[in-house]
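The values are calculated or read from the model by the stated rules, or taken from the named source; none is laboratory data. Just so it is clear, the structure is predicted and the values come from calculations on it, not from any experiment. Virtual Cβ from ideal backbone geometry, glycine too; neighbours counted across all protein chains shown. Each accessible area value is taken on the protein alone, full model and side chains, heavy atoms only, with ligands, DNA and RNA left out. Shrake-Rupley method; radii C 1.70, N 1.55, O 1.52, S 1.80 Å.
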Amino acid sequence: MTLQQQMITISMVVFGTLLTRFLPFLLFPAGKPTPKYVQYLGKVLPSAVFGLLVVYCLKDVSLFSGSHGVPEAIAIAAVAALHLWKRQMLLSIAGGTLCYMLLVQMVF
């Protein structure tokens with residue numbers, strides 16, 4: 001890339017970042033009530049993302065080879081237990097990921 005192309009690329013990245021940071025404040029100012037569809041998305045998207053993560057993480061698990069899905073099953077149980085205990089999605093995801101990585105690296 002030439003210097004000019006690099007400067008254009010950096011400028012576009014900065015513009016895109018600023019746009020995505022400031023646009024919500026311009027569309028939904030503090031004085032106006034939040035639209036119902038945005039409130040709805042705020043309620044359903046965390047669960048949808050969680051479901052998407054489960055499907056993505058388990059799509060290549062083979063029950064008939066390797067570790068037979070045992071580390072995945074243990075990590076799922078850890079996620080479920082953490083979520084039932086604390087009801088914090090980020091903690092559940094991080095705890096399950098940590099549990100799975102420890103199992104795969106040190107046990108299986």
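Are there chymotrypsin sites (Phe, Trp or Tyr not before Pro) in region 1-70 that DSSP marks as loop and that have at most 13 other Cβ atoms within 10 Å, and which are they?
F64
How many nm separate the modelled label positions at A81 and F28, each set 7 Å beyond the Cα in the direction of the Cβ?
Simple spin-label model gives 3.6 nm for this pair.
Starting from 0.36 nm per residue, how many nanometres of slack lie between V104 and L52 once their C-alpha separation is accounted for?
Taking V104 through L52 to full extension adds about 16.6 nm, to one decimal.
Calculate what fraction, in whole %, of the accessible area of region 1-99 sits on carbon and sulfur atoms when a 1.4 Å probe is rolled over the protein chains.
Carbon and sulfur together cover 74 percent of it.
Compare the peptides 68-78, 3-13 by average per-residue count of other Cβ atoms within 10 angstrom and give them in order, highest first.
In descending order of packing, they fall as 68-78, 3-13.
Would you kindly state the longest site-free stretch of the chain, with sites defined as trypsin sites (Lys or Arg not before Pro) in a DSSP loop (not H, G, I, E, B) surrounded by at most 13 other Cβ atoms within 10 Å?
1-58
Tabulate in residue order the Karplus-calculated ³J(HN,Hα) for region 58-75, using 6.51 cos²θ - 1.76 cosθ + 1.60 with θ = phi - 60°, rounded to whole Hz; enter x for Gly and Pro.
9, 5, 10, 6, 10, 7, 10, 8, x, 8, 6, x, 5, x, 5, 5, 5, 5
For L18 and Q39, FRET efficiency with R0 = 22 Å and r from the beta-carbon atoms, rounded to 0.05?
Computed FRET efficiency for Q39 and L18 comes out at 0.30.
At 1.4 Å probe radius, can you tell me the per residue accessible area of the chain in Å²?
Result: 83 Å² of accessible area for each residue.
Give a residue-ordered list of calculated ³J(HN,Hα) values for region 35-50 (Karplus: 6.51 cos²θ - 1.76 cosθ + 1.60, θ = phi - 60°; whole Hz; x for Gly, Pro).
Rounded to whole hertz, the list is x, 4, 5, 6, 4, 4, 4, x, 7, 9, 5, x, 5, 5, 5, 4.
Whole-Hz Karplus ³J(HN,Hα) for region 81-90, in order, using 6.51 cos²θ - 1.76 cosθ + 1.60 and θ = phi - 60°, x for Gly and Pro?
Once θ is set to phi - 60°, the couplings for region 81-90 become 5, 4, 5, 5, 6, 9, 6, 10, 4, 5 Hz.
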